[in-house]
Amino acid sequence: MSSAPVAANIEDRPRPVGDAGRAGQFVFVAAIILLCAWILVPLYLLFVNTLSSPAEVTGFPKSGLPSFSMGSVQFFLSFSGVGQALWNSLLVAVLTMVFSILLGAPAGYALSRFEFPGKEIFRLLVVMTRAFPLPLLALPLAVMFIRTGLDDTALGLALVHTVLALPFAVLITFSLFAGIPVELEEAAWTLGCNRLQAFIKVILPLVLPGIVASAVFAFTISWNEVFAASVLTIENRTLTAFLVQNLNVSPLHLKFAGGTALVLPALIFIFAVRKYLFAMWGIANR
Amino acid sequence: MTNKALPYLLLTPAILFLLVFFLYPFVQIAVLAFAGPEGFTLSHFQRMTSHWKFGTALANTLILTAIIVPVQLALALSMASIVTRLKTGRSTILYIFAIPLGLSDLAAGIIWLAIFEQSGFLNSLLVGLGLVERPVLFLGYQNIGWIFAAVIIAEIWRATAIMMVILVSGMGIIPKEYYEAAEVFGASRWQRFRKVTLPMLRPSLQTALILRTIAAFEVFAVVVALGGTTLPVLMGETYQWQFSLRDRSVAASYALVILAISIAATLVFLRLLRVPKEAKI
Amino acid sequence: MAEIVIKNVAKSFGAFQALHALDMAIADQEFMVLLGASGCGKTTLLRIIAGLETPTQGEVWIGGRRVDHLPPRQRGISMVFQNYAVFPHLTVFENIAFGLRMQKMGQPEVERRVRRTAELMHIEQLLERYSGQLSGGQRQRVAVARALAMEPDVILMDEPLSNLDALLRLEMRAELKGVLAESKTTTIYVTHDQVEAMSLADRISVMNGGKIVQNDSPVEIYRNPAARFVGSFIGNPPMNFIPAKRTDNGRWAVAGLELDGPRTERELIEFAIRPEDVFPGEEGFVADVRVVEPLGAHTLVTCDVAGKPFRAVLESDRRVSPGETLKLMPAASRIRWFDLDTQTAIPA
Ligand SMILES: Nc1ncnc2c1ncn2[C@@H]1O[C@H](COP(=O)(O)OP(=O)(O)OP(=O)(O)O)[C@@H](O)[C@H]1O
Ligand SMILES: [Mg+2]
């Protein structure tokens, strides 16, 4: 492509009289820059604190530039319980991810492919869970978990987090499956597949990226959850629960390094699934 | 090739799961809140409401929500409109706008703590510019107003992304022809936004508002990170009663209060932004 | 041996009755074309035969076996879908090979069959592409090749050539007919294109509103439409219809002419004639010419007969111009009569 057609294109477009158009353009660009700064600057400042020595973190005034001292990070990583908490967070999040897909995807598939009595009731149940302050479920579940030996375990917490993530998993996978023409599946049937074979050979390869995206979404839900994690774990704290518990007593540099530990995976994950963030809401919110 | 049992088979795991881990604890909460030694009782509720923090916590939660959600709605709408208008760099800007989506309220609290704490960046800036003599103690217990503001800012910073994402996808499925038609009939950009975008966006607005309002009622970790227990909110009180005060029945009563206002808000939005079935795209 | 028998098959979607108690038999190796207006139930019927849709009632037999409870893969059929259904995650080669691989066929044989069907459909140069890199017509040919490669007993095709340009369609049509005859396949073929239907079919089933109105050889369908609908649907342009009133002497008054007609109790029936079966002359219907469309070999003339539009196909060396008045005489042997109430043909 040469630049000529582009130039022609700009000329072609009817514009409000020169200056007004340019001023509008300027405001538009300025708004974008401001909004990006609004999102990015606080994150940057968190990283600055994390990459400064503990003394600098508590020092005043601050320069706003990192000294690239690993002091805070080292302190954080060697603080007793942090390693365990990170591991617990990871474990719970992975379990949540697996459960919510294993439970949610079949349901999403059923909703997308069949008309059956009770379908609306199930949808209502799923939507209802969204209107419920779910972390509160941890309160009665704590008792039930003590009885069943699930208290203070990664599995127990993952089950609660799955309640949080399941509605999303169902709705997202529903929209993914609904986006794949039934005819593709039917064509596979006429070509000798049974239902399962058609699913594995045709549907699965097509939805896999989307499934991964919704799994990652479940992961972040669990990774970020604070309340239920604080209620349900005592010895086996997740990172969020650990930080909340120690907020009052821990030094600033521990908080900031902890904050960064919470933020980094989320940044990476959102980047990984950015293509699907929108697809999954487009239909799922009907 | 219809197998009547198959859909139910596929739904069974999810249904069983929700029965055990959603409906059952839901009932349990109700039982805890209303059951006393001699059957039904309102004593837990009385205990909750008679505690001096209850009124404050309820008021704080409602006020926070009433400020945060409308601001977020306006901001999310602007961001979504900007994104949909963008031609170059769209995906980068979108990613930046969507970053907070992956962040917990705890992380947001900590991030804004770095700014608002006494030796933080805001004070560094103010002192550097000579606007104040010495660092201000924004987040002290004498300064409820500032804690309030910090919580509001942190929540707006963090949770606008989810609204924006929902609205962007909503805008994405509005057929282009409507805009073109409106333009042909001479509607200005602002008129197109008011007359085409907003009405067509109702389902998405509904989803976004319901999700965000309910989440705002559950505000917890940001408040703890920025203000400790200085600023009581419903979810924080629930936590306090469960752990510090060790009264699970009152905690359950709190849970029911949060549930009640959540349901009320949901119903209001469902009614307010009703989309008649015949008017769907 | 794969004759198809459909007994009393009906299908409703909720309150909407898409198919009304159909009976139909397609002989082994026969080429049957389903023809009918959009929405009349052709795809639905095909899907019921394929096993993709469960009929509300009735039976489907293929090759002497009752199959309506069997899944598609056990029916010995393959199908070309109206919207192609080419798998987007597989190359053209793998698309065509898909069914063969399901049969655990050896690689050399798969290669051989894929290449042969691909050549047949003129897509051998596209084998490595993905569906997203193909045009609509190319995708359609992949879908046909995929079904042909299976070498099934029965092949069901839902408008398989609809997206090709006229020339390619002509060529594909001929090749398809050859291949299917050679492979002794029983074929059901849905199309909107009457020329295609005529040229391919051993028999044509004309459908209307979920019913089969006529099931006959192409020539019969064209010459002796069993129902008014068939006459008005088949033929380009279709038949002309004029009301006919019984006269005192038992003949029929049709737009100023008195013609011999069928013996019937009715006072009022309908006269029908194909546009190419009227001839200009000294006598006939008084026709005011409105529009003249020269089509090369013929000239299509739209006139006004007794206040109604009437089309005639004339020799192109005959010059006609709008405003002129012609006398058009129907060829007696080609006149057909229809009952106004039942809308069916009245035998002469
Ligand atoms: N799943 C369905 N639910 C409800 N109605 C349906 C369904 N499938 C088809 N129909 C209706 O049944 C009728 C027949 O549809 P069908 O697809 O068989 O038509 P068709 O003859 O193939 O039309 P076309 O030539 O346009 O492809 C149509 O009126 C259609 O609206
Ligand atoms: Mg069809």
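Pairs are defined by a Cβ separation below 9 Å, a sequence spacing of at least 6 or placement on different chains, a first member in segment C:187-200 that is more than 19 Å from C:L156 (Cβ to Cβ), and a second member that is within 13 Å of ligand 2 (Cβ to nearest atom); the pairs so defined are C:Q194/C:L35. Residues of segment A:254-269 that are surrounded by 22 or more Cβ atoms within 10 Å (Cβ to Cβ) and hydrophobic (A, V, I, L, M, F, W, C): A:F256, A:A257, A:L262, A:V263. For B:F148, the stated conditions do not hold, so it cannot be described as among the aromatic types (F, W, Y) and touching a helix residue (DSSP H, G or I) at 6+ places or on another chain (Cβ under 6 Å). Residues of segment B:106-116 that are more than 15 Å from A:W38 (Cβ to Cβ) and facing chain A (nearest Cβ under 7 Å): B:L106, B:A107, B:I110, B:L113, B:A114. Restricting segment C:44-76 to residues that are within 18 Å of A:A188 (Cα to Cα) and among the hydrophobic types (A, V, I, L, M, F, W, C), the residue that is nearest to ligand 2 (Cβ to nearest atom) is C:L46. Annotation: of all residues in segment A:125-160 being surrounded by 20 or more Cβ atoms within 10 Å (Cβ to Cβ) and touching an Asp or Glu at 6+ places or on another chain (Cβ under 6 Å), the one that is modelled with the lowest pLDDT is A:P133. Looking at segment B:74-81, is at least one residue in a helix (DSSP H, G or I), within 29 Å of B:I144 (Cα to Cα) and touching a Ser or Thr at 6+ places or on another chain (Cβ under 7 Å)? Yes - at least one qualifying residue is present in segment B:74-81.
Counting only helices (runs of 4 or more DSSP H) that fall entirely inside segment C:82-150 and contain at least 2 residues that are crowded, with 20+ Cβ neighbours inside 10 Å, within 14 Å of chain A (Cβ to nearest Cβ) and within 16 Å of ligand 1 (Cβ to nearest atom), the qualifying elements are C:136-149. Highlighted here are the helices (runs of 4 or more DSSP H) found entirely within segment A:61-173 that include at least 2 residues which are of a type in the set (A, V, I, L, M, F, W, C) and closer than 21 Å to B:F243 by Cα: A:138-148. Filtered by the rule that a residue be within 16 Å of ligand 1 (Cβ to nearest atom), more than 14 Å from C:M79 (Cβ to Cβ) and touching a Gly at 6+ places or on another chain (Cβ under 9 Å), segment C:163-203 gives C:N163, C:H192, C:Q194. Just checking, does segment C:119-127 include any residue being in contact with an Asp or Glu (Cβ under 9 Å, 6 or more places away or on another chain), within 16 Å of ligand 2 (Cβ to nearest atom) and in contact (Cβ under 8 Å) with a residue 24 or more places away in the chain? No: segment C:119-127 contains no residue that is in contact with an Asp or Glu (Cβ under 9 Å, 6 or more places away or on another chain), within 16 Å of ligand 2 (Cβ to nearest atom) and in contact (Cβ under 8 Å) with a residue 24 or more places away in the chain. Applying a threshold of 8 Å to beta carbon distances and a minimum spacing of six or more residues, or different chains, the list of pairs starting in segment A:61-89 at a residue that is free of Cβ contacts under 8 Å to residues at least 40 places away in the same chain and ending at one that is outside any helix (DSSP H, G or I) and among the hydrophobic types (A, V, I, L, M, F, W, C) reads A:P66/A:L51; A:S67/A:L51; A:F68/A:L51; A:S69/A:L51; A:M70/A:L51. Candidates are the residues of segment B:1-53 that are among the aromatic types (F, W, Y) and within 17 Å of B:S249 (Cα to Cα); the one that is surrounded by the most Cβ atoms within 10 Å (Cβ to Cβ) is B:F26.
Scanning segment A:243-265 for residues being facing chain B (nearest Cβ under 9 Å) and closer than 14 Å to B:A221 by Cβ gives a total of 9. Within segment C:216-237, take every residue that is among the aromatic types (F, W, Y) and buried (at least 21 other Cβ atoms within 10 Å of the Cβ) and give me the one that is farthest from C:F271 (Cα to Cα). Checking each candidate, the answer is C:F233.
The sole residue among B:L139, B:L73 that is closer than 23 Å to A:N246 by Cβ and in contact with a helix residue (DSSP H, G or I) (Cβ under 8 Å, 6 or more places away or on another chain) is B:L139.
The values are calculated or read from the model by the stated rules, or taken from the named source; none is laboratory data. As the structure is a computational prediction, the values presented were derived from the model and not from experiment. Ideal geometry is used to build each Cβ from the backbone, glycine not excepted, and the neighbour counts take in all protein chains shown.
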